[in-house]
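One structure below.
The values are calculated or read from the model by the stated rules, or taken from the named source; none is laboratory data. If you're wondering where the values come from, they're calculated on a predicted model, not measured in any experiment. Glycine also receives a Cβ, built like all others from the backbone with ideal geometry; neighbour counts cover every protein chain displayed. We work out accessible area using only protein heavy atoms, side chains counted, and drop any ligands, DNA or RNA first. Shrake-Rupley method; radii C 1.70, N 1.55, O 1.52, S 1.80 Å.
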Amino acid sequence: MKKLSLLFLIGITLTHCKNHNNSSDIELHLAGFPDSTKLYLTNAETGLTDSAYVINNHLTFQVDIDEPTQFIINTPAKNRSEVDFIVFWKERDKVTIYAEKGNLKEGKVDGSKINLLDKNLKKKLSKFEKLSDSLWLVYRSLSPDSTELLKRIEYEGNAINDSIIKIQINYIKNNPNELYSFILLRNLMIDELERHQVEDLYKNLAGDLKKTKIAKDIERFIQTKHYAEIGKPAINFTLPDVKGNPITLNSLKGKVVLLDFWSSNCGPCLLEIPHLKNLYKEFKPKGFEIVGISMDKNKDTWIKTVNKYNITWPTVSDLKSVYGKVALEYGVNFYPTYYIIDRDGKVVDKVLGRGIVEEKIRKIFE
């Protein structure tokens, strides 16, 4: 899934500053970590990963960034339940983090204005999110026969979500000169707001900040003219594969096509690969094709994953993750996301998550 996929890391070295100065540092003061504990740092924008070892409960990463960037620091883990991590923003100044083993997430971050703004807003949202979590637990415990109660909980859940969105929209409106407002708008735009709402909010944001990468992502969303819909022709695209060869969706008309939006850092996506291989082997002779659309931002990471898992179907990418044109047109903000396209080139289904798509493909061919 999108929000957690970055915790499953692949070791690639970040570009370090050639001329080291304190502003490039992310310095950690830790408690409870044995010497030589390995920690990983991931740039959330590029997917690039660095690592370092704890010595005397201290370590320093050096990063080279030209705009405020979100990072993740985590411990090694075999599964999600073991992951100890912290997500934070770094700007031009040095960042210092104070944290303890087993509770990195609650660490104190100094030196980042954006991080402080994010923390303060999350405090306002926390009571709504706790209510939402409680409702979700009740919802999951009910039987499918509890129709009226399920509907009531859905209604209450939607109302809570609307409250959360409203608070964020008000922040954006009231703080047009903050880069954090651009960050909030980018987070909201794909599945919480209509395009015209995004456009109206964006118009009122500070012009000098519209040169940033975050602003450019929002502009690409606003400028997206077409959206994939079930029952309508799939939106054509041409993207390069791992060897740089162009793959065009429309060239596959006459086949049943599965679009697989995935990422190298997405655990559920990788778990699904063996099942997709079985489908591909069984139904390719009957006119079945898979096109994997990688959400990776780093080409080396993408290619290494394709080779490691011996993926034989075409995999393509624009290396722009969810802010690329194809991902925006297909409304992708969750991994894995699948689109099933029939022989006439029409979208017949959209599937979120693992464990579902195999059955749907089998029903088409059997």
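Length available on full extension from E156 to Y309: 0.36 nm per residue minus the Cα-Cα distance, which gives 50.8 nm. A convex hull fitted around the alpha carbon atoms of the range 254-327 yields 82 Å³ per residue. Rounded, prolate or oblate: which fits the range 169-229, taking a ≥ b ≥ c as square roots of the Cα gyration tensor eigenvalues, rounded meaning a/c under 1.5, else prolate when a/b beats b/c? Prolate, since a/c reaches 1.5 and a/b exceeds b/c. Accessible area per residue for the chain is 52 Å², calculated with a 1.4 Å probe on protein heavy atoms, without ligands, DNA or RNA. Can you return the lysines within cross-link range of K304? Criterion is Cα-Cα under 23 Å, with same-chain partners fewer than 8 residues away left out. Once the sequence-local lysines are set aside, what remains near K304 is K2, K3, K38, K78, K243, K277, K281, K320. At q = 0.15, 0.18 Å⁻¹, what log₁₀ I(q)/I(0) does the range 283-361 have when each alpha carbon counts as one equal point scatterer in the Debye sum? Log-scaled intensity ratios, in q order: -0.60, -0.87. Summary value for the chain: 15 percent relative contact order, contacts being C-alpha pairs under 8 angstrom separated by 6+ residues.
Comparing L276, V332, T248 along the charge dipole axis of the chain, the residue lying farthest to the positive side is T248, per the Cβ-charge model. The C-alpha atoms of the chain define a longest principal axis, and helix 267-283 lies at about 20 degrees to it. For the range 192-233, the residues whose backbone nitrogen is under 12 Å from a point 7 Å from the Cα of K173, taken along Cα to Cβ, are 201. Extent of the range 212-366 along its three principal axes (Cα atoms, max minus min coordinate, largest first): 50, 35, 28 Å. Throw me the Rg/Rh for the range 134-271, computed over C-alpha atoms with Kirkwood Rh, two decimals. Ratio of gyration radius to Kirkwood radius: 1.06.
Dipole magnitude for the chain: about 500 debye, using +1 per Lys or Arg Cβ and -1 per Asp or Glu Cβ, origin at the Cα centre. Scaling the Cα radius of gyration of the chain by the globular reference 2.2 N^0.38 Å produces a ratio of 1.06. Of the Cα atoms belonging to the range 117-180, the radius of gyration and Dmax stand at 15.1, 50 Å. If you wrap the range 74-221 in the convex hull of its Cα atoms and look at it from every side, the mean projected area works out to 11.7 nm². For the range 75-190, which whole-number percentage of the solvent-accessible area (1.4 Å probe, protein heavy atoms only) is attributable to carbon and sulfur atoms? Roughly 49 percent of what the probe reaches on the range 75-190 is carbon or sulfur. Dipole magnitude for the range 200-354: about 240 debye, using +1 per Lys or Arg Cβ and -1 per Asp or Glu Cβ, origin at the Cα centre.
Apolar share of the accessible surface for the range 211-366: 52 percent from carbon plus sulfur atoms, 1.4 Å probe. Panel values: the range 27-151, Kirkwood radius from alpha carbon pairs, Stokes-Einstein at 37 °C and 0.692 mPa s, translational diffusion coefficient 196 µm²/s.
At 222 nm, what helix-only mean residue ellipticity would the chain give, in deg cm²/dmol to the nearest 500, using -39500 (n - 2.57) for each DSSP H run of four or more? Walk me through the intermediate numbers first.
Numbers: 10 runs with 133 residues, N = 366.
Helix contribution divided over all residues of the chain: -11500 deg cm²/dmol.
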